[in-house]
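Undergrad: First the structure, then my questions, so here it is.
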Amino acid sequence: MRLTFVAVALLTNLGNWMTFFALLVHVQLTEGSSSSALFFVCQTLPALLLAGQAARRVPAHAVRPVWVALQVALAGMTFAIAGFTHVVPLLFVYAGVSMLVRATASPLLLSMISAHVPEAVRGATLTAVSSSSAITLAVGPALGGLLMATYGPAAVLVINGVGYLVVAVALAVRRMPAVPTAPTPLPTVRERGAKRFVRVPGFRSLATIEGAREPVAVWLVPAARSWMLLLAAGATVNALETPVIFESLRLGEREFGWLMSAYGIGGGVVLVRALAGRTRRPGRATVGWSALGAACALVVWMAASADLAPPWRTTVCVVAFVALGFSTSTLSGAVRGTLDQLAATLGEDPKVVWTWASQVTLALNLVVYVSFFLYYLGWEVSPALLVMPVGAYLAIAVGASRPPPTARSVTRSGENP
């Protein structure tokens, strides 16, 4: 069962990265840089406002059929937009609607992993799913760029649409026996009498887990705090990555490709280890050493000064990116494992926690990317800015060294008994 989930994650992540890169480049080439920034905002805001509410409304017994239906819907809209890539406003609409559907489907897939993968191998499965992101991040944009340059953006969309249908069929026909779980499923939002579908959501995830029985103060929960710090660090690295490589280190496109490949190799090692059963059940020790590894990798990258000879500069960066891919993939999988355990600790339906994780991802990405967009309008990039994600990774490592709180101590009602 776990191999099916890993294959689904690999295929969907690959298609999503191919499509995102191809459409972003297409919009930038036809409309300019300001339109590419608007493209990102149009893609993120609808999902941030609506996806969490939609995912929480899915009853536990309907998670798989709804997920399959969402993949079929994605395939349909992707095939449809392939014939209208010359109409840029429609691409903006597609970006927003498709991201809304994907953000709704993402926590449902993770909920299925929690419900159908035995606990003994669930941590390794989540680690493999996390490492698939590193691999597809390295391969997807390059493959999407090659296909777009050769056949145009429509070809990328058609291939991605086929991928959506393949994963939909794969999970629709797969027999998925449930595994025993301790917590009782939480009633859906509709059953609990929610009156409004949109309630200025998304950013609320920065403070609490919406839909939980009691309002959970996420910054008091090591697993939730580590997830948020991990997201903030990753988004910061992504925002700094291209300017630092091209402007500060003065590397070329070929070297950039090597670095992305190195990052993918690091994630690939984690994937192989997870599938081979060599990944231990995630715990605070794994979170701690992988966070330290990510911080050290960034320090090595910062040490690759532009004053170094080009071969040495490239070599140092490649080593740093292999270590970064390995460490962040391991860390992401370990933190996902602790989030899965958090649902059981709080007695919540895993879908509630995974929906929060998806929403806070969108919120933090939007905050970080918009902040750097504004920063680049007035200031130049510097490798010294990488000290911010280094600090975030070190904070994760320090937090992992402390004993976890009880379920009551992380709820607002538990703060003032």
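Undergrad: Take the residues in the stretch 239-254 that are assigned to a helix (DSSP H, G or I) and without any contact (Cβ under 8 Å) to a residue 24 or more places away in the chain, then tell me which one is surrounded by the most Cβ atoms within 10 Å (Cβ to Cβ).
TA: If we take residues in the stretch 239-254 being assigned to a helix (DSSP H, G or I) and without any contact (Cβ under 8 Å) to a residue 24 or more places away in the chain, then Glu241 is surrounded by the most Cβ atoms within 10 Å (Cβ to Cβ).
Undergrad: Tell me, which residue of the stretch 211-238 that is small (Gly, Ala, Ser) and either at pLDDT below 85 or under 23 Å from Thr345 (Cα atoms) (or both) is surrounded by the most Cβ atoms within 10 Å (Cβ to Cβ)?
TA: So the residue we want is Ala223.
Undergrad: Right, another one. Is it the case that Leu29 is without any contact (Cβ under 8 Å) to a residue 40 or more places away in the chain, out of contact with any strand residue (DSSP E or B) (no Cβ under 6 Å at 6 or more places or on another chain) and not hydroxyl-bearing (Ser, Thr, Tyr)?
TA: The answer is yes for Leu29.
Undergrad: Just give me the residues in the stretch 302-321 being buried (at least 21 other Cβ atoms within 10 Å of the Cβ) and under 21 Å from Leu229 (Cα atoms), in sequence order.
TA: Answer for the stretch 302-321, where residues must be buried (at least 21 other Cβ atoms within 10 Å of the Cβ) and under 21 Å from Leu229 (Cα atoms): Ala320, Phe321.
Undergrad: A further question on this structure: For residues that are among the small types (Gly, Ala, Ser) and at pLDDT below 80, scanning just the stretch 280-305, find the one that is farthest from Val322 (Cα to Cα).
TA: It comes out as Gly283.
Undergrad: Looking at His61 and the list (1) under 19 Å from the mean Cα position of the chain (by Cα); (2) closer than 30 Å to Pro177 by Cβ, which single condition is not satisfied?
TA: (1)
Undergrad: What number of residues within the stretch 364-399 satisfy the criterion of being modelled with pLDDT under 85 and touching a Ser or Thr at 6+ places or on another chain (Cβ under 7 Å)?
TA: Of the residues in the stretch 364-399, 3 are modelled with pLDDT under 85 and touching a Ser or Thr at 6+ places or on another chain (Cβ under 7 Å).
Undergrad: Might you check whether a residue that is farther than 19 Å from Ala47 by Cβ and crowded, with 24+ Cβ neighbours inside 10 Å occurs anywhere in the stretch 374-387?
TA: No: the stretch 374-387 contains no residue that is farther than 19 Å from Ala47 by Cβ and crowded, with 24+ Cβ neighbours inside 10 Å.
The values are calculated or read from the model by the stated rules, or taken from the named source; none is laboratory data. Quantities reported herein were computed from a predicted structural model and do not represent experimental measurements. Cβ atoms come from the backbone with ideal geometry, glycine included; neighbour counts cover every protein chain shown.
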